[in-house]
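Chemist: What follows is a single structure, and I will ask about it in a moment.
The values are calculated or read from the model by the stated rules, or taken from the named source; none is laboratory data. Note that the coordinates shown come from a computational prediction; the quantities given were computed from them, not determined experimentally. All Cβ positions, glycine included, derive from the backbone under ideal geometry; neighbour counts span all protein chains shown. Heads up: the accessible areas ignore ligands, DNA and RNA and are worked out on the full protein's heavy atoms, side chains in. Shrake-Rupley method; radii C 1.70, N 1.55, O 1.52, S 1.80 Å.
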Amino acid sequence: MLRAAYMAQELLTTFVEDLHSVNLEPSEINGRYTVFVNDEIIFDRKKEGRFPEIKELKQLVRNRVNPEKDLGHSDR
C-alpha cells in the first residue's frame, strides 16, 4: 500500500491539470496492482510480473491523458 500511495502522489503532482482523481482500492487478492485510465488497463502487475518504475508509470499515464506533456527527466 505504501508504494501505491507514493505513486498516486507522484501522479497527482505531475498531472495536476490532467487528472481529476487517483483512487486507491484495496484488493482481496494479495499483491494485486492494476492501473487504469478511464477503465483501460495501462499496467497490470500480475501480467507484467513486476511493479512499474515511476518513470514508466508517468509515461504510460501521460500517453493517455496528455501526450504532448513534457515529463522532463522522466522522458530521458
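Chemist: Would you point out which residue out of ARG64, ARG50 is of a type in the set (Lys, Arg) and in a loop (DSSP other than H, G, I, E, B)?
Modeler: ARG50
Chemist: Looking only at region 3-31, filter to residues that are more than 14 Å from the chain's Cα centre (by Cα) and open to solvent by 100 Å² or more (accessible area, probe 1.4 Å); which one of those is nearest to LYS55 (Cα to Cα)?
Modeler: GLU17
Chemist: Residues in region 27-39: is at least one in contact with an Asp or Glu (Cβ under 6 Å, 6 or more places away or on another chain) and over 20 Å from ARG76 (Cα atoms)?
Modeler: Within region 27-39, one or more residues are in contact with an Asp or Glu (Cβ under 6 Å, 6 or more places away or on another chain) and over 20 Å from ARG76 (Cα atoms).
Chemist: When you go through (1) open to solvent by 40 Å² or more (accessible area, probe 1.4 Å); (2) on the phi < 0 side of the Ramachandran plot one by one for ASN38, which number turns out not to apply?
Modeler: Here ASN38 clears every test but (2).
Chemist: I would also like to ask the following. For region 60-76: of the residues being among the basic types (Lys, Arg) and open to solvent by less than 60 Å² (accessible area, probe 1.4 Å), which is modelled with the highest pLDDT?
Modeler: ARG62
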